[in-house]
Each structure stands twice: as C-alpha cells, then as structure tokens.
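In what follows, a single structure is set out as structure tokens and then discussed.
The values are calculated or read from the model by the stated rules, or taken from the named source; none is laboratory data. In this text, all values refer to a predicted model and were calculated from it rather than measured experimentally. We place every Cβ from the backbone using ideal geometry, glycine too, and count neighbours over all the protein chains shown. Just the protein is used for accessible areas: all its heavy atoms, side chains included, with ligands, DNA and RNA removed. Shrake-Rupley method; radii C 1.70, N 1.55, O 1.52, S 1.80 Å.
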Amino acid sequence: SLRGIYASDGPPVASVLSLVRQCLSVVTFLPILWSVQNQSNSGGGGGGVDSAVGEKDLEYGTAAGYTTVEKKVEGKGEGEEKKRPMWSAALELAFWNFGAQGLINAGLLFSPAARASFLTQTSVVMTPLISALAGERVKSSVWGGCALALFGLGLISTSHSPATTDAAVDLASAFTDDAIASSSQRALMTASEVATTSSLNQGDFMILAGALSWSTYIFRTSSVAKSYSELDLQFSKNVLLAVMYFGWFLTTAVTSLLAAAASASTSLPSLLASGTWMEALAPLWSGWASLPVWVLLAYSAVGPGAVADLLQQSGQKEVSASESNIILCFESLFAAVCAFVFLGEVSSAKEMTGGLFIVMAAILASK
C-alpha cells in the first residue's frame with residue numbers, strides 16, 4: 001500500500017505520511033476502546049485478542065496505570081518486574097519505534113537502498129545479542145536461525161531483479177512500520193550504487209543505529225508484553241508516536257517555510273501575513289485530495305498498523321524476542337507474494353533461495 005502511495009501523483013513526504021498514518025491508527029483504536037468500555041460497563045464479554053481487556057486490567061493492575069507482574073524469561077526463573085506506570089512503558093516503546101524510523105530515514109539520504117536494506121536486516125542478529133547482554137539465555141538453535149535468516153535476507157536485498165530498488169527500500173521500511181524514502185529518493189537509490197560505494201559512510205552508521213533501535217523495541221516489547229493488555233499499551237504507544245510524528249512534521253513545515261521566506265527575500269512573519277505560506281507547504285503533499293491514496297493510507301493504518309501492533313504484542317507474550325525477529329523476517333516473503341499477485345512482479349531465483357533460508361531459519365529457531 002505504501003508503494004502505491006509513493007507511486008501516486010504528488011505523494012506526501014515522509015513526515016506527513018507518518019503523521020497522517022499514525023493519526024489514522026489512533027482513530028482505529030477508538031471504536032475498539034468504546035466497545036470494550038461498553039462491555040465492561042454491562043459486564044459482558046466476547047472473543048478476540050482483547051475480549052477480556054477488563055479482566056486483564058484487573059489481573060495486571062493496569063486500571064490504575066501500574067503493574068506488578070511475574071514474568072518468565074527464557075533460561076531464567078521467575079522474577080518480579082519493577083512496578084511502573086503504563087504510560088512509561090508506552091513512551092519507551094514509542095521512543096525506540098520512532099528512533100528506528102528516524103535514523104533509517106536519515107541514513108537513506110546517504111546510503112544506496114540495496115545496502116541500506118541489508119544493514120537494517122542486521123537487526124535479526126542484534127536482537128539475540130541484546131537478549132544475551134540482558135542476561136537471558138539464547139538457545140543455540142535461535143542463534144543458528146538468526147544466521148540463516150540474515151543470509152536469506154542478504155540474498156533478497158542484493159538480488160538485482162527489475163523490482164530490486166523498490167523492494168530494497170520496502171525491506172528497510174519493514175523495520176520502521178513506514179515507507180521511509182520518497183519517490184525521488186527511490187530514483188536515486190539504484191543497485192549500481194552499491195558497487196560504487198565500498199566503504200561505510202555516515203548513512204550506514206545511522207541505519208545500523210536504526211536497526212539497533214528496532215531490535216531494542218522488539219526486545220522491550222517481549223519484556224513488557226505480559227505486563228499490560230494489548231489494547232491499552234498499544235493505544236498509548238500509538239498516541240505518543242503521533243505526538244512525536246507531529247513534532248517531525250512541524251520541523252519539516254518550519255524548514256519549508258524558512259526556505260520559502262529566504263527565496264522570496266522576506267521574513268517568516270511577513271510570509272505568514274501575506275497568506276502565501278500555504279503555497280510553501282503545498283509540495284509536502286500536493287496530491288492530498290486523491291481518494292485512492294486515502295484508501296491506501298487507511299488500510300496501512302488499520303492492517304499493518306493498529307492490528308499488527310496488537311497481534312505482535314500478543315504473540316510476543318509467548319515467543320522470545322529473538323524468535324519474534326526471525327518470524328518478522330517473513331514480511332519480505334509476504335511482500336514478494338503480494339508483488340506477484342497484485343503487480344505481476346516475478347521474484348528471481350536468488351530471491352526465492354533467500355526466502356527458503358528464512359523459512360528454514362524459522363523452523364530451526366522454533367526447535
């Protein structure tokens with residue numbers, strides 16, 4: 001869906017897309033919260049991932065915003081997690097999530113897309129390293145699965161098929177929940193640039209830092225998943241993310257206005273008073289009136305956004321962070337299938353081999 005948005009006429013810049021998509025994700029939670037509140041008031045119940053949110057709130061103490069939970073860590077005994085406000089956990093997750101997107105987005109300005117996608121995939125190795133440093137025991141089968149997944153993702157990201165440029169950017173964006181390069185950046189980021197850039201640059205280090213941030217997000221999600229209900233924590237996290245994205249948008253808007261004022265040889269207050277400031281901001285999303293783009297944004301906010309957040313936290317209650325990261329690698333396979341079904345793009349033999357390694361990695365890690 002995000003590729004379709006960037007392929008449209010006058011697509012939004014990254015900060016605008018992120019803010020709008022995040023706001024739509026927050027709106028998605030509202031009817032669910034309203035329904036759960038009504039069920040709680042009437043004493044009813046139901047099915048679904050958060051059908052017993054009211055019971056979970058009582059069990060974990062999240063109705064008061066705090067929790068004390070007995071958590072089991074792989075390779076460790078029972079331990080009591082320190083009591084903390086739920087907003088604190090949500091803010092932490094939002095920080096790591098936002099950090100991953102911001103760093104990778106900035107890094108893509110300096111690094112070619114194919115190499116950037118591979119660097120982001122080092123997250124699959126960083127996650128077990130973080131877990132080990134935190135004192136958790138990581139099974140040897142998980143380490144083996146991480147190695148296989150990294151190799152498979154490397155094959156996919158370095159395959160120079162006709163769709164490699166877009167696919168590489170999409171693989172990088174898989175770690176940040178957003179497509180983080182504009183169509184103009186895609187045009188500049190070609191596979192040929194990988195061969196001409198042999199040494200690490202500042203963009204590469206930014207992307208590696210973004211991958212580390214994403215690994216930390218996955219690790220911390222596993223750590224707090226059992227402490228809070230999915231609905232409460234993910235709604236809070238999405239609201240805080242929207243606030244962060246709004247700050248990013250304000251920075252972009254102010255920069256555009258200052259550039260327009262300098263171009264017109266006038267001051268920013270004069271530009272605002274003249275009423276031409278809207279023209280200066282128009283390039284940030286000139287195609288805002290496109291209905292298909294709004295449909296794609298809504299789908300991206302609901303499916304890969306809100307629903308994915310709820311399911312990921314629910315799954316990470318039962319699966320370790322390292323295994324979760326390997327499973328998330330399947331996103332590249334799903335993207336290849338969707339590209340074939342909806343866009344007619346055929347994966348190369350190298351990409352299919354990479355996908356096979358990812359499947360093998362998931363099987364090995366689950367043993």
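The table that follows gives values for the structure above.
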read-out: Built amide H within the under 5 Å cut-off of Arg84, gap 5+; value: Thr67
read-out: Normalised contact order of region 287-367, rounded percent, pairs of Cα under 8 Å and 6 or more residues apart; value: 30
read-out: Area of Cys338 that stays accessible when all protein chains are in place (1.4 Å probe, Å², to 10); value: 60
read-out: Heavy atoms of Trp277 accessible to a 1.4 Å probe, total area in Å² rounded to 10; value: 90
read-out: Per-peptide average of other Cβ atoms within 10 Å, ordering 121-127, 34-40 highest first; value: 121-127, 34-40
read-out: 3J(HN,Hα) from dihedral phi, region 91-104, Karplus parametrisation 6.51/-1.76/1.60, rounded to Hz, x for glycine, proline; value: 5, 5, 5, 4, 4, 5, 5, 5, x, 4, 5, x, 5, 5
read-out: Computed accessible area, Glu318, all protein chains, 1.4 angstrom probe, square angstrom; value: 150
read-out: Karplus (6.51, -1.76, 1.60) ³J(HN,Hα), θ = phi - 60°, over region 287-294, in Hz, Gly and Pro reported as x; value: x, 5, 7, 6, 5, x, 5, 5
read-out: Accessible area in the full protein assembly, largest first, 1.4 Å probe, for Phe249, Phe118; value: Phe118, Phe249
read-out: Equivalent ellipsoid dimensions for region 214-367 as semi-axes, Å, which come from the Cα gyration tensor, largest first; value: 40, 23, 14
read-out: Heavy-atom accessible area ranking, 1.4 Å probe, most first, across Arg84, Arg21, Arg137; value: Arg137, Arg84, Arg21
read-out: Unsatisfied cross-links (Cα-Cα over 32 Å) in the set Lys139/Lys226; Lys226/Lys350; Lys237/Lys350; value: Lys226/Lys350; Lys237/Lys350
